[in-house]
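The values are calculated or read from the model by the stated rules, or taken from the named source; none is laboratory data. Model, not experiment: these values are computed from the prediction. Don't worry about glycine lacking a Cβ; one is built from the backbone with ideal geometry, like all the others, and counts go over all protein chains shown. SASA here: full protein model, heavy atoms, side chains in, ligands and nucleic acids out. Shrake-Rupley method; radii C 1.70, N 1.55, O 1.52, S 1.80 Å.
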Amino acid sequence: MANFDDIRPYNADELPAAMQRIADSELIPAIADFLMPGIEPDILRNKLRNIKNIYELQVGFLKEVIEILVKKTTTQFDWSGLDNIKEKKPYLFVSNHRDIVLDAMFLQYILNAGGHNTCQITFGSNLMEHPLVVDFGKANKMFRIERGGNRMEFYNNLMHTSDYMRHVITEEKESVWIAQRNGRTKNGIDATDPAIIKMFWMSLRDDKIKSLAELNIVPIAVSYEWESCDKLKTLELYATKVNGRYEKRPGEDLNSIITGIMQPKGHVHFHICEPVTEDDLCRMDNMPGDYFTNIAKLMDERINAGYMSMPTNFIANDLRSESDKYASHYTEKQKSDFIQYMKWIDAYKDLDQALLRDIFLGIYGNSVR
């Protein structure tokens, strides 16, 4: 593990000190007020200080936190496809990505509920700014993926990540979660980047089929009724369209993390898709076109098939197309509530509200396509 000290999660010896630092964070009063209104922050601080290992953190504390979040921010939380994976077998879970923190945290909860070990989680270096985020992430089995750098640095970082993921899966026998592409899906269109598949292969190049087969790749479809950070994503996409680029403000990633955790989500559904088998990999090799692109398309097919379209998705599609094509998938009350929710756009009088509305509807409606 020494070769991976720069990116790995905290080990058993490092975790207790991290929990002490988390307990001392200035954000604890706000977190306590959200999770346990009326409870003194010191009660939460003491809970954190008493956590001594990863099991106590994930199964003793975070399981309870997820159940609180489910109760406070969802109307329904369910999953399917657990029978597609086997206990004690390590997998490389690759999912569409809508929320910075909750996609992986919900998956951890589901794996534990199904009798499976939790997994290690990729976490972009751009998110590791606030000390609380760093400590919480590394204590919760998150490992660092470097962002940016020149061409050589970028290549070396990819190779380092690929080596580490293969080490975790084949030697430590732990599963790993990673998003299907760099960053969250912001426009509602989920697509696997072939470069991600190529990165998986980089650490064992002699036989590309064997290289990918031993990682046990499993696509996962993540569905939220109410899109995480939908307003923030709309404004970011608007700025990108109007200005040609978008520059993040200091503290923006932390704000997105907190917003995604706290905002209402409605119905949340996870589907664990059929694994990508060695037979699949051989079949993709015999197809015309780029090998990694073919695998990415196969994963897209499985994620899209497992995605659960919600009433909000159908409503947005119909509003955008000015039709009632999917009216059978929602009620008039649901449509009225969605239109009322969209009134947040009215506050942005100095922006092109028609464009804002189109972008917002696309975030929800594009998945129906």
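Descriptive notes on the structure:
- Those helices (runs of 4 or more DSSP H) of the range 227-341 in which 2 or more residues are of a type outside the set (F, W, Y) and over 19 Å from the mean Cα position of the chain (by Cα) occupy 230-243, 278-285, 291-306, 311-321, 332-341.
- Count of the range 340-358 residues which are under 15 Å from T312 (Cβ atoms) and in contact (Cβ under 8 Å) with a residue 24 or more places away in the chain: 1
- Note on the range 238-277: among residues that are small (G, A, S) and more than 24 Å from E129 (Cα to Cα), the one that is most open to solvent (accessible area, probe 1.4 Å) is G244.
- Checking every residue in the range 94-109 against the condition of being in contact with a Phe, Trp or Tyr (Cβ under 8 Å, 6 or more places away or on another chain) and surrounded by fewer than 22 Cβ atoms within 10 Å (Cβ to Cβ) gives zero matches.
- Of all positions in the range 282-303, at least one carries a residue that is buried (at least 19 other Cβ atoms within 10 Å of the Cβ) and of a type in the set (K, R).
- The single residue among K52, K47 that is over 23 Å from the mean Cα position of the chain (by Cα) and within 17 Å of K141 (Cα to Cα) turns out to be K52.
- For G306: the one exception among (1) open to solvent by less than 30 Å² (accessible area, probe 1.4 Å); (2) touching a helix residue (DSSP H, G or I) at 6+ places or on another chain (Cβ under 9 Å): (2)
- Among all residues of the range 16-26, there is at least one that is open to solvent by 20 Å² or more (accessible area, probe 1.4 Å), of a type in the set (D, E, K, R) and either touching a residue at least 40 places away in the same chain (Cβ under 8 Å) or in a helix (DSSP H, G or I) (or both).
- Qualifying residue in the range 328-335 (condition: touching a helix residue (DSSP H, G or I) at 6+ places or on another chain (Cβ under 7 Å) and either closer than 30 Å to W201 by Cα or small (G, A, S) (or both)): no
- Residues that are open to solvent by less than 70 Å² (accessible area, probe 1.4 Å) and not in a loop (DSSP other than H, G, I, E, B) were ranked within the range 31-45; the one that is nearest to L254 (Cα to Cα) is I31.
- Exactly one residue out of N50, N84, N96, N46 is in contact with an Asp or Glu (Cβ under 9 Å, 6 or more places away or on another chain), under 24 Å from S25 (Cβ atoms) and among the polar types (S, T, N, Q), and it is N50.
- Residues (assigned to a loop (DSSP other than H, G, I, E, B) and either of a type in the set (D, E, K, R) or touching a Pro at 6+ places or on another chain (Cβ under 6 Å) (or both)) located in the range 46-97: K52, K86, E87, K88, K89
- Test for G137: is it closer than 26 Å to D230 by Cβ and either in contact with a helix residue (DSSP H, G or I) (Cβ under 6 Å, 6 or more places away or on another chain) or open to solvent by less than 40 Å² (accessible area, probe 1.4 Å) (or both): yes
- Which numbered condition K333 fails, given (1) surrounded by 13 or more Cβ atoms within 10 Å (Cβ to Cβ); (2) at negative phi: (1)
- Annotation note: of D350, D324, the sole residue that is closer than 23 Å to L235 by Cα and surrounded by fewer than 20 Cβ atoms within 10 Å (Cβ to Cβ) is D350.
- Any hit, the range 172-182, residues being open to solvent by 20 Å² or more (accessible area, probe 1.4 Å), out of contact with any Pro (no Cβ under 7 Å at 6 or more places or on another chain) and either at pLDDT below 95 or under 21 Å from I315 (Cα atoms) (or both): yes
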